[in-house]
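Before any comments, here is the structure.
The values are calculated or read from the model by the stated rules, or taken from the named source; none is laboratory data. Not measured: the values here are computed from a predicted model. Here the Cβ positions follow ideal geometry from the backbone for every residue, glycine too, while neighbour counts run over all protein chains shown. To get the accessible areas, we keep the full protein, side chains included, count just its heavy atoms, and leave off ligands, DNA and RNA. Shrake-Rupley method; radii C 1.70, N 1.55, O 1.52, S 1.80 Å.
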Amino acid sequence: MKTKMLLAAVLGCFSESVQAATISECQEMLRVGHYVQCLDAATEQIEGRRYGEEWPILKATAELELGRYLQAAATIDAGIVRYSWSIRLRMVVYETALLLGDRQKAERMLDEVNQLATGAPWRYTDADDLVALGRAAIKLGADPKDVLEGFFDRATRNYKTRPDGFVAAAQLAINKGDMALAAEVMQPAAEQFPDNPDVLFLLAESIASASAQDASALFQQVLTINPNYVKALQKLAERQIDAEDYVDATDTLARIHEINPWHPTAHALQAVIYHLQNQPVEEARSRSRALAFSDASPVVDHLIGEHLSRKYRFAEGAAYQRVAMEVDPLFVPAKTQLCQDLLRLGKDEAGWLMAEAAQKQDTYSTSLFNLMQLKDSLDDFQTLTSERFIIRMNRQEAIVYGGRVEALLNRAFDVLSERYGYAPSEPVVVEIFDRPDDFAVRTFGIPDVAGFLGVCFGKLITANSPASQRNSPSNWESVLWHEFCHVITLQMTDNKIPRWLSEGISVYEERRTDVRWGQSMTPGFRERIKAGNVTPVSQLSSAFLRAKSGEDLNFAYYESSMVVEFIVEQHGFESLVLILNDLQNGFIINDALERRAGGLTELNAAFAEYLTGLANSYAKDVEFAIQTDDETKPDLKALQQNPNHYTAGLNAAAEMIRAGELDSAEKKLLDLIGLFPEDTSPNGGRRILAEVYRRQEKTDQQSAVLAEHLQRSGDDLEAAVELLSLQVNAEQWTAALETSQFVMAIDPLQPDVLRQAHVVAAATESDDLALEVLSGLLELEPADAARTHFLMAQILKSQNVEQSRRHVLLALEQAPRYRAAHKLLLDLAGTDTEVR
């Protein structure tokens, strides 16, 4: 209510003489984005010789918001003449001088601030001055922690009704990459100052990586308070560019230009759009406008390069960072981004050298600290090198399943290179991380980012290892196949491929390789499609960014893959390859689709019909209870009378099992499997039926239904381990051999599974597999090393006497009285004599 009254008072003063304006009223004008009115009011007061340093600051701030940079510089210079003691005015001069490319003047202002504060520290103790002094101290190289405690925290403590200290502290934390600290600072500030756009904006920035949805809502709240808040409009444009929504992004930038025709960031982002649309003349023109007031600023080229890198255009992004560093060799943001670009281009030596140089300049950067911590982890990794790949893994994991990783990647290389007519000319770097935070820092530059199994940058693949996925196992083979397909499509197009198409091709190729891999139709997907919740092809990339849940994201992958499948079915696989070639040659995706797939409009309509047809034919006449967050839980008991209601049927079967009515449950579940045989879920009909058979001690039926389930599911580790145990006990060695391979494609780091795999290998005389799993057991269960070395020695006896002797000696080293090992050693000695 108070806010509305104050706003009404301010709006009322706009229609009256600006002579009545007070400082607080002008500050309110700035808060709600009425920059012209603020400028007029402040000008009136200055011309009337109204006293106070706040007036030139208000006037210059309005002029800067409106893009009147030269006028702002003149305003501040005049203000300093009158208020020669003002450090706040000098910090505005500092920022304006940098904007105009006058570094000498900017440095002179810092020196003057230092001299004034040293000469009369008692003068500068209010919140505004403490913040100005803290910002000057940071620029002069002071310890950020000391500045935080000595200036910003002090401003917050001493002036609890002012947001200045909160804002300065959060901005410092964000600049150093410490988003957690920034959020910690801004959460209470947002409660105390809920209508302050600066506070809300910084809170949004601080939580953007952790909660994009909440951050987006905060940015919109900022724009509701101040529709002309350029930094929030900039964030909106950036998100639209990330979503490949270049039309709306251009409109958003036009809104910024209406407020400030010369805003450097807006013109820089427009240059990014033109670059991505292959319009180099317009790109150069927008960059020139961004540098109109200063060609000595590294910020513009750094920003353009950073956004190109966000679109996976790392080589072009790196080129822009080098231009920024030519302007200012000490500009840390450009160095930091360049080191990330180089590392993602596979140029590790140069990338790490750049990272070390940047950290020496900024020892308090959380981003650089995390990056150097990552380097320490990578230094301890084992590297498997071949002509095609450089694979880096945890040393133990490399021994356990590194050979499998290499074999899988080589198979993907052979298959996909032949299909797409393209083979990478340089070794592809693959890094598999056993610590999720290392994966996140390597991939996203920050720790604590969940929900990703792997990422491909074109020449680099990063992936989480099975050790980091124990709570939610996934098939690492399908992940690496998916990511290597990205290598092909990204390199084929010089990284110019839209996200939806790249992801769609990768999921499509997963399914082609193994029907259990990748996303397929589900009851939930069917309901989305029938409800018309399908993203148009032209907007598909945005679906990945807008996803509010894992289900949303999975549907984006699925829909993208089905677009690819539709194109191949309707126009042939060659058309898909030609689209990729067109993208490499500079065509934008809409033009490529026009040339090869009948045009975007026709594709949207035909694909929608195609996808609806698939949904209608999937589990035809079967009903499901698909619950969303905002819906009341369905009454499954009431629905059990419907024989076609699958979810209710499962619920009825579960009740029968709890009541001990296993025969009735078995019959019900068999009926349900017949009703919906496509079910791949880990809690579907087959999995529940397997539990019924386990309780009935019908191991043959239990094994059969689990095997049937695993023909459809690619990552149900629990079911696979259960099946493997049943097959080993039943001595079904051929089937057990296949199941053991499936289990190790999900988690090869479980000793129990490796022991069973060894039993299978011994029974099927698969010596190579036996040696592989025994090598793994040596790493995972060193306490049983004597027995493991002995078993390896037995296998190697007929293959490699020297290696066999080595292992038997290692067994005796662990257990000197191991009689069987002594006997084997004597046998080997005899074998050696015969050979000689």
Exercise. Please say if region 672-749 is rounded, prolate or oblate, where rounded means a/c under 1.5 for a ≥ b ≥ c the square roots of the C-alpha gyration tensor eigenvalues, and otherwise the choice is prolate for a/b larger than b/c and oblate otherwise?
Key: oblate
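How much length is gained on full extension from residue 143 to residue 678, taking 0.36 nm per residue of separation minus their Cα-Cα distance?
Working: separation 535, 0.36 × 535 = 192.60 nm, distance 6.17 nm.
Gain on extension, residue 143 to residue 678, equals 186.4 nm.
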Practice problem: List every residue whose amide H lies under 5 Å from the amide H of residue 433, counting only residues 5 or more places away in sequence or on a different chain, with H placed 1.01 Å from N in the peptide plane. | Solution: 463, 464, 465
Quiz item: On full extension of the chain, what length is gained from residue 734 through residue 764, given 0.36 nm per residue of separation minus the C-alpha to C-alpha distance?
Solution: 10.1 nm
Self-check item: Computed FRET value (nearest 0.05) for residue 711 with residue 609, which takes r as the C-beta separation and R₀ as 25 Å
Solution: 0.25
Practice problem: May I ask which residue of 159, 179, 169 lies farthest towards the positive end of the charge dipole of region 148-191, with charges of +1 (Lys, Arg) and -1 (Asp, Glu) on Cβ and the Cα centre as origin? | Solution: 159
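Return a whole-number percent for the relative contact order of the chain, with Cα pairs under 8 Å and 6 or more residues apart as the contact set.
Details: 1161 pairs, mean separation 50.3, N = 836.
RCO, the chain: 6 percent.
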Quiz item: Given the pairs 231/347; 496/530; 347/496; 235/335; 360/459, which span a C-alpha to C-alpha distance of over 30 angstrom in this model?
Solution: 231/347; 496/530
Self-check item: Protection-proxy order for peptides 494-506, 176-188, each taking the mean of Cβ atoms within 10 Å per residue, highest first
Solution: 494-506, 176-188
Self-check item: Dipole of region 20-122, positive end: most advanced residue of 99, 117, 80 [Cβ charges, Cα centre]
Solution: 117
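For the chain, which whole percent of the accessible surface, found with a 1.4 angstrom probe, sits on carbon and sulfur atoms?
49
Rank these by accessible area, largest first, 1.4 Å probe: 326, 107, 623.
Working: 326 145, 107 110, 623 85 Å².
Greatest to least solvent exposure: 326, 107, 623.
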Exercise. Indicate the gyration tensor shape class of region 520-559 (rounded, prolate or oblate), computed on the Cα atoms with a ≥ b ≥ c the square roots of the eigenvalues: a/c under 1.5 is rounded; otherwise a/b larger than b/c is prolate and the rest oblate.
Key: oblate
Quiz item: residue 784 versus residue 107, label points 7 Å from Cα toward the beta carbon: distance in nm?
Solution: 6.9
Exercise. With all protein chains present, calculate the accessible area of residue 214 using a 1.4 Å probe and round the result to the nearest 10 Å².
Key: 80
Quiz item: Label-point separation (nm) for residue 823 and residue 701, each offset 7 Å from Cα along Cα-to-Cβ?
Solution: 4.5
Quiz item: So between residue 285 and residue 470, what do we pick up on full extension, going 0.36 nm a residue minus the alpha carbon distance?
Solution: 61.4 nm
Quiz item: Hey, what's the chain come to in accessible area per residue, 1.4 Å probe, Å²?
Solution: 45
Exercise. Report, for the chain, the % of DSSP beta bridges that are antiparallel, rounded to 5.
Key: 40
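For a quick protection proxy, order the peptides 773-779, 413-419 by their average other-Cβ count within 10 Å, most packed first. Write down the numbers at each step before the final one.
On the way: 773-779: 21.9, 413-419: 15.6.
Per-residue mean Cβ counts within 10 Å order the peptides as 773-779, 413-419.
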Self-check item: J(HN,Hα) series, region 120-135, from Karplus relation 6.51 cos²θ - 1.76 cosθ + 1.60, nearest Hz, glycine and proline x
Solution: 8, x, 5, 6, 10, 10, 7, 4, 4, 5, 4, 5, 4, 5, x, 5
Quiz prompt | Label assignment, Rg and Dmax of the Cα atoms in Å derived from the structure, set [x] 32.6, 113; [y] 31.9, 105; [z] 32.8, 127 | solution = [x]
Quiz item: What is the packing order of peptides 736-743, 370-377, 352-359, taking the mean over residues of other C-beta atoms within 10 Å and listing the highest first?
Solution: 736-743, 352-359, 370-377
Quiz item: Shape of region 283-353 from its Cα gyration tensor (a ≥ b ≥ c, root eigenvalues): rounded if a/c is under 1.5, otherwise prolate when a/b > b/c, or oblate?
Solution: oblate
Quiz item: Just how large is the dipole of the chain about the Cα centre, in debye to the nearest 20, putting +1 at every Lys and Arg Cβ and -1 at every Asp and Glu Cβ?
Solution: 1140
Quiz item: How much mean residue ellipticity at 222 nm does the chain get from its helices, if each DSSP H run of length 4 or more adds -39500 (n - 2.57) and you divide by all residues, to the nearest 500 deg cm²/dmol?
Solution: -22000 deg cm²/dmol
Quiz item: How far is it, in nm, from the label point at residue 118 to the one at residue 81 when both lie 7 Å from their Cα along the line to the Cβ?
Solution: 2.8
Quiz item: Quick one: ranking 728, 534 by accessible area, 1.4 Å probe, largest first, what do you get?
Solution: 534, 728
Quiz item: Where does the charge balance sit around residue 777 when Lys and Arg score +1, Asp and Glu -1, over other residues with C-beta under 12 Å from its C-beta?
Solution: -3
